[in-house]
Structures are given as structure tokens and as C-alpha cells.
Amino acid sequence: MRMKTQIFRREVTYALFILPALVLYCIFFVNPTLKTFWYSFTNWSDVNPVHVKFVGLANYKVLFEDSIYLTGISNTFIYAVLSTVIISSIAIPLSVLLNKPLVTRNLLRSVFFTPAVFSILVIGFLWNFMYSPSDFGLINRLVEWLGFSRINFLGDPKLALYSVIFTQIWQWTGYNMVIFLANLQSISKDYYEAATIDGANEMQSFQYITLPLLLPSITFVTVTGMINGMKIFDIIYAMTSGGPGYATETIVSLMIKKGISEGFYSHGAAFGMVFVGIVGIITFIQMKFISRWDTK
């Protein structure tokens, strides 16, 4: 009996420690999420700010019939997938290279990591300057020096999104490299020594030792990369504001424009719920794929 009382008191103590965080979580996440879900089925807008009526799936129907919203979903997928895949594909071999006993490896690590220190808005304004088709655009001056005509990186609808993606690859590859480096340094050298004795070359050691043991960091980088890619807004705002036209609009930028700036609150709420569903599905698929890879 005394033991049960002690266990109960201990559990109550733990619950009291958790309670403040739980209350804040419910106030600032659960409550807004439930309200957003409800408003996604209503006609709430600037035109109907008070007399809100239930309209069923009408808002969701608008989303999937409007080409602007479909463009935002498509752009978000392209951004998230390309940035995650390319950053991981560069960061892994880069981390392996900089894990070797090079004389300049600490300097190179700092150089590659430095872009991640700066604010995304600063990076956006910097690359706006670099991409500029005017006389002070450094990249276009180099293009002209090579004998080609100037390229309107952010003004061409076919190039704008990929130009933005490139800036994020440049900024975040070094950050992810550091994560892979931390994982690499936890791998025992005994594995590589045993592989060398068995006659494995460097590529085989990478394929059968390094990659499988990098799975924890690969899981973290790819899952967080996809989620952050789906939430992208700040670099879009800094570089293109969704333009030219709607060429670089994303789910979040359209949620803000349509759901707040233009007063279609119910459309924004519906788009928000679609966004939550998409992120959940992508994360689930990723975790399933990674778990299958781990069992192999």
C-alpha cells in the first residue's frame, strides 16, 4: 500500500511538471487547430465577418478547382523534394570528405557552414542583388563576360522557382553537412579497419558501412528538410513575393495572401488543413521508406 502511495505521488509530481507545457500547447496549438478545422467548413470572410454559416466542403472544392492553389501546391512539392534531395546528396559526400585528416578541414567546414548563420531575409536580399539583370548583377556580369546574353533569373516564370531553390541549397548544405559530420565521428574506425582487411575498397566501405550507419542523421535531415520545405515562405517573400505572376507561390504564401491579406479566411483555413494533411502523409511515407531501408 505504501509503495502504491509513493508511486501515485511520484506520478502526480511528474504531471504537475508537465501541466504548464500542456496548457500552453493546448492554448497555442490544439485550440487554434480545432478552430481552423471548423472555419474551413464555413463562409467566414471579410464579407461575412459575423454571420458565419456552415458551407460543407465548398471551400475545399474551390481549392482544387482554382489553378492558383494548385500551382502553390505544385511549387511547394517541387521546392521541398528538390531542395531536400540535392542538399542531402551534396552534404553526405562533403561530410565524408571533410571528416578526413585534411590540413584545411576546419577552415573548409567553417566556409561551408557560414551561410547558415545568416538570416534568410539577408540571404534573399543578397541573392536578389546577385541575380539582378541590371548592370550591378554580379552573375549576369559574369554571364555577359562569357559571351552570353543576360538571364532574368527571378523575372522568368520558368526559372524563378529554381533560382530560389538554388539559394537555399547554397545556404543549408553546410548546415546539414555538420549534422552528418557529427554522425560520422560517432562511427567506430574498427569497422573500416575490418573492411580493409577483408579487401573492401573505399567505395564499398562507404556503401556498406558509412551509409547504413548514417541512417539516423539521414532520417533527421530528410524528414525535417521535407517539413521545412513544405512550410517555405520567408525566402519566397524576400526574393519574389510569389511572382512573377504566381510562378513562385507556395502553400504558406497563398494561405497568407488569400486567407489574411485578401480576407478569404475560410479558404485560408481550408488550405491550412490541406497543408497539415499533406505534411502528415509525406512524413508517414518517408518514415515507412526509411524503416524498410533500415531492415535491409
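The values are calculated or read from the model by the stated rules, or taken from the named source; none is laboratory data. This is a predicted model, so every value here is computed, not measured. FYI the Cβ positions are ideal-geometry reconstructions off the backbone, even for glycines, and counts take in every protein chain you see.
Determine whether region 19-31 contains at least one residue that is loosely packed, with under 14 Cβ neighbours inside 10 Å, touching a helix residue (DSSP H, G or I) at 6+ places or on another chain (Cβ under 8 Å) and either closer than 30 Å to GLN171 by Cβ or of a type in the set (A, V, I, L, M, F, W, C) (or both).
Residues of region 19-31 loosely packed, with under 14 Cβ neighbours inside 10 Å: 19-31.
Narrowing the set further to residues that are touching a helix residue (DSSP H, G or I) at 6+ places or on another chain (Cβ under 8 Å) leaves none.
No, the conditions are met nowhere in region 19-31.
Here is a yes/no grid of residues against (1) small (Gly, Ala, Ser); (2) surrounded by 13 or more Cβ atoms within 10 Å (Cβ to Cβ); (3) touching a residue at least 24 places away in the same chain (Cβ under 8 Å):
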| site | (1), (2), (3) |
| --- | --- |
| ARG141 | no, yes, no |
| TRP145 | no, no, no |
| ILE151 | no, yes, no |
| VAL164 | no, yes, yes |
| ILE169 | no, yes, yes |
| TRP172 | no, yes, yes |
| ASN183 | no, yes, yes |
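Name the residue, out of THR196, THR219, that is β-branched (Val, Ile, Thr) and surrounded by fewer than 16 Cβ atoms within 10 Å (Cβ to Cβ). Outline the logic, then answer.
Values: THR219 fails: surrounded by fewer than 16 Cβ atoms within 10 Å (Cβ to Cβ).
Selected residue: THR196, the only one of THR196, THR219 that is β-branched (Val, Ile, Thr) and surrounded by fewer than 16 Cβ atoms within 10 Å (Cβ to Cβ).
Go through region 47-160 and tell me which helices (runs of 4 or more DSSP H), entirely inside it, have 2 or more residues that are β-branched (Val, Ile, Thr). Give the steps one after another, and end with the answer.
Numbers: elements: 58-65, 67-97, 105-113, 120-131, 138-145.
So the answer is 67-97, 120-131, 138-145.
Return yes when ALA58 is among the aliphatic types (A, V, I, L, M) and under 28 Å from GLY225 (Cβ atoms) and no when it is not.
Numbers: among the aliphatic types (A, V, I, L, M): yes; under 28 Å from GLY225 (Cβ atoms): no.
For ALA58, the condition - among the aliphatic types (A, V, I, L, M) and under 28 Å from GLY225 (Cβ atoms) - is not met.
Just to be sure I understand, how many residues within region 146-162 are of a type in the set (Ser, Thr, Tyr) and modelled with pLDDT under 95? Spell out how you get there, then give the answer.
Going residue by residue through region 146-162, those that are of a type in the set (Ser, Thr, Tyr) are 149, 162.
Subsequent filtering for residues that are modelled with pLDDT under 95 retains 149.
The number of residues fulfilling the criteria is 1.
In this structure, does PHE233 turn out to be free of Cβ contacts under 8 Å to residues at least 60 places away in the same chain, of a type outside the set (D, E, K, R) and either exposed (fewer than 14 other Cβ atoms within 10 Å of the Cβ) or within 21 Å of GLY124 (Cβ to Cβ) (or both)? Let's see the steps before the verdict.
Numbers: free of Cβ contacts under 8 Å to residues at least 60 places away in the same chain: yes; of a type outside the set (D, E, K, R): yes; either exposed (fewer than 14 other Cβ atoms within 10 Å of the Cβ) or within 21 Å of GLY124 (Cβ to Cβ) (or both): yes.
The answer is yes for PHE233.
Anything in region 37-54 that is buried (at least 16 other Cβ atoms within 10 Å of the Cβ) and modelled with pLDDT of 90 or more? List them, or say none.
Result: TYR39, SER40, PHE41, THR42.
Can you name the residue in region 222-272 that is of a type in the set (Ser, Thr, Tyr) and in a helix (DSSP H, G or I) and is also nearest to ILE90 (Cα to Cα) among such residues?
Of all residues in region 222-272, those of a type in the set (Ser, Thr, Tyr) come to 222, 224, 237, 240-241, 246, 248, 250, 253, 261, 265-266.
Subsequent filtering for residues that are in a helix (DSSP H, G or I) retains 222, 224, 237, 253, 261, 265-266.
Working: THR222: 13, THR224: 17, TYR237: 26, SER253: 28, SER261: 38, TYR265: 40, SER266: 41 Å.
For region 222-272, the residue satisfying everything is THR222.
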